[in-house]
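Here is the structure we will look at.
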Amino acid sequence: MNLLRQLAIVFFFFEVTVYCQYEMHRLGEDYDEESDDDYSPPFYFHPTGEDGIPSRHGPLGCAQECFCPLTFPLAMYCDNRKLEAIPKIPAHVQQLYLQFNEIEAVTAHSFANASNLKEINLGHNRIKSHKIEHGVFAQLPNLLQLHLDHNDLEDFPFPLPNSLERLLLGNNAISRVEAHAMEGLINLTMLDLCHNQLHDSSLKEQLSQMSKLMQLNLCSNRLESMPPDLPSSLMHLSLENNSISFIPDNYFKKFPKLLALRISYNNLQEIPYDTFNISSLVELNVGHNKLKQSFYIPRNLEHLYMEDNEFEYINVTLMCPSIDPIHYRHLTYIRLDQNRLKEPISSYIFFCFPYIHSVYYGEQRKPDGQMVQLKTQVFRRFQVDDDEEEEEGGDGEEHEPEGQEQGRTEENFDPYFY
């Protein structure tokens, strides 16, 4: 009996041990699955020689200072490595990443065999214009994208290959654009020149030949007038934070594809009534100017930003002179905070712009400079499906979705802004 009892005890402990291991295995599976889905951040490892791991992973070769992953055999990562010079680029490389280094010069020697390059990122370095060897980029016939932002450039770089599609030159000290410097850039679709020192004369007759240009960023420069001779292909135009005080009549008539216009933080005091009568325009930002008078709102405009101006009254009739019951206007959002409004906009605005979801008043300035809030609620409208309207009895009343707080005010409204 003692032997049987001892065997029973041993068998019992064996079962307990197996069961516990099974449960721990299940617990581990559950934890790993949850961790992978919700908690594991993406991890990008670019090994260097300092890690004791060789950097030459690809069969086609790689610069010793850089990393060439097997998963991207045509890319070479040399970013954020405190490099002072550009390494020799192997012939097979198409994407070259050299951002966040201490590079001061760009020489043709590094690119002697790199005719297959399609993208070069030299942003966030210390490159000066006179340290770029003449023609170094022009010898790359397949180059599509060039990043030279956040450097110390004083001049617009040239010559550049006519294959180029995207050119980023923001956050430099560019004040000069040599004559014909932009010639040949017939395939350029995006040009970023924000945060430089460009004057009106710098861009005169320089951009007109870029017949495929869709996005032009000229924010934070020293412009005092609207840039002349821009190509008609433009879809996005950024002119924020300049000193522009006047928009000529019919200036935007030559941009039939313009979708977004940002001209905030300028010195505009008056805008010709139908300046923005562009059928394609979807977003318009004229905030942080000195405007007092309303202007015409095109039918397809959806987002309108007019904050921090001198508006005391919004004349809806000027914005919308007539109502078309067939072709509704698409305006959905208006931002009006930091003006001098004494009362909300007339309710006529909701008949003229039936798609409006919200009008943000925020705080308004009093004559003594104090900020006050209008005694009004932020108007919000939510579209209701036809099935839901039938269930509600078709009474035509608008209801907020469940969980939405009724009677919201400006204090708890978080306006959309970019």
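We did not get these values from a lab; they are worked out from the coordinates using the rules stated. Quick caveat, the model's predicted, so the values are computed rather than measured. Cβ coordinates were reconstructed from backbone atoms using ideal geometry, including for glycine residues, and neighbour counts include every protein chain displayed.
Structure notes:
- Relative protection proxy for 179-192, 240-253, from highest mean packing down: 179-192, 240-253 (other beta-carbon atoms within 10 angstrom).
- Converting phi to 3J(HN,Hα) with the Karplus coefficients 6.51, -1.76 and 1.60 and the offset θ = phi - 60°, the range 303-318 yields 10, 10, 10, 10, 5, 6, 10, 10, 5, 9, 8, 9, 8, 5, 4, 5 Hz in sequence order, with x at every glycine or proline.
- Under 29 Å from residue 88, Cα to Cα: lysines that are on another chain or at least 8 residues apart: 118, 128, 131
- All lysines inside 16 Å of residue 212 as judged from Cα atoms, apart from same-chain residues fewer than 8 positions distant: 254, 257
- Between residue 243 and residue 152, the simple spin-label model (points 7 angstrom out along Cα→Cβ) gives 2.7 nm.
- Only lysines eight or more places from residue 292 in sequence, or on another chain, were considered; those with a Cα closer than 25 Å are 253, 342, 366, 375.
- Net lengthening on full extension, residue 74/residue 133 (0.36 nm per residue, minus Cα-Cα): 18.7 nm
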